[in-house]
Amino acid sequence: MPPPLRQLQSRDPTETAKPSSKSNPILPQRRCFSLLPPLFHPSQSSAFSIGISGPKDWLKEQKRKSSKFLLAPIDASRQSLRSAYLLLMDKESTNSSEDLEQVQKLLKSAARDCVVQERNSLVAFQANTGVEVCTFRLIVNNASSLLEKKNPVKLEAEAMLDDLISSFTSLNSLANESDIQVASNRQRVADALKDTLTSLDKFEQGVKDCLEV
C-alpha cells in the first residue's frame, strides 16, 4: 500500500542526507586530532632534556678532539728540557762554551717566548703592541675559553702557568750566569732544570683539566 501523500510532502526534496558519526567514524577522529597540541614539535628547552647537545657542548667536544695539537708545544718543551739535562749530565762532555751555548739555546726554545728577558727584538715588539706571544699562556686561554672567569679549574691552570713562567725565568737566568765547567754550577742548573720539568708536567695537567681529557 503506498504511503500517504502527507508523509511524502513533509520531506524537503532539496535536503541532502547528513552522514552520522556512526556511519563515518573517521570524521570525529580527525576532529579530535585537530584539537590536539603539536606533540611532535618539542620546544628548544625540551630538546636538551632528550639528549640533543647545544653549541657549548659541541665546542667542548671539538676542543677535546684537538687536544693533541694544543698540547704539542708542551711536549716539545719537555723534549728540549730533557735534551739540555742529558747534555749537562753527560760525563763525556767537555762542558765547553759550545756546550753552554747549546744548553742555553735549548732552554730558550723550551720557554716558548714566555721569559721576557729571552725574547728577541721582533717578539718583544709584538708583545709591546699588545700581542700575546707566550705560547703557554695562549694554550691556557684556548683550553679554558669555555669556562667561567672564576672557575676553579681555570684559576688553578693560570696559577700553574705563573709558576711555570717563574721557573723558566729562574732557570734561564741561572744558566746564563753559571760557568757549567764547574761541577757544582752544572749541578745547580741541572737541579733547576728538573724543577722546571716538574712545573711543566703540572701545567700540562692543568690544561688537560680545562679540556676534560
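The values are calculated or read from the model by the stated rules, or taken from the named source; none is laboratory data. Quick caveat: nothing in here was measured; it's all calculated off a predicted structure. Heads up, the Cβs are rebuilt from the backbone with ideal geometry, glycines too, and the neighbour counts pull from every protein chain shown.
The rows are residues; the columns are (1) closer than 15 Å to Thr196 by Cβ; (2) in a helix (DSSP H, G or I); (3) touching a residue at least 12 places away in the same chain (Cβ under 8 Å); (4) not acidic (Asp, Glu).
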{"position": "Gln117", "(1), (2), (3), (4)": "no, yes, yes, yes"}
{"position": "Ala124", "(1), (2), (3), (4)": "no, yes, no, yes"}
{"position": "Leu155", "(1), (2), (3), (4)": "no, yes, no, yes"}
{"position": "Met160", "(1), (2), (3), (4)": "yes, yes, yes, yes"}
{"position": "Gln181", "(1), (2), (3), (4)": "no, no, yes, yes"}
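Counting residues in the stretch 97-106 that are under 27 Å from the mean Cα position of the chain (by Cα) and not charged (D, E, K, R) gives zero. Among the residues of the stretch 74-83, are any surrounded by 14 or more Cβ atoms within 10 Å (Cβ to Cβ) and at pLDDT below 95? There is no residue in the stretch 74-83 that is surrounded by 14 or more Cβ atoms within 10 Å (Cβ to Cβ) and at pLDDT below 95. Would you be able to say whether some residue in the stretch 114-122 is surrounded by 12 or more Cβ atoms within 10 Å (Cβ to Cβ) and basic (Lys, Arg)? Looking for residues that are surrounded by 12 or more Cβ atoms within 10 Å (Cβ to Cβ) and basic (Lys, Arg), one finds at least one in the stretch 114-122, hence yes.
Filtering Leu138, Leu174 for residues that are free of Cβ contacts under 8 Å to residues at least 12 places away in the same chain and among the aliphatic types (A, V, I, L, M) leaves a single hit, Leu138. How many of the residues making up the stretch 84-99 are surrounded by fewer than 16 Cβ atoms within 10 Å (Cβ to Cβ) and at pLDDT 80 or above? Number of matching residues: 4. From the set of residues in the stretch 56-74 that are without any contact (Cβ under 8 Å) to a residue 24 or more places away in the chain and either over 13 Å from Ser145 (Cβ atoms) or outside any helix (DSSP H, G or I) (or both), which is farthest from the chain's Cα centre (by Cα)? So, considering only residues that are without any contact (Cβ under 8 Å) to a residue 24 or more places away in the chain and either over 13 Å from Ser145 (Cβ atoms) or outside any helix (DSSP H, G or I) (or both), the one farthest from the chain's Cα centre (by Cα) is Ala72.
Of all residues in the stretch 127-146, those satisfying the criterion of being surrounded by 15 or more Cβ atoms within 10 Å (Cβ to Cβ) and over 15 Å from Phe203 (Cα atoms) are Ala127, Val133, Leu146.
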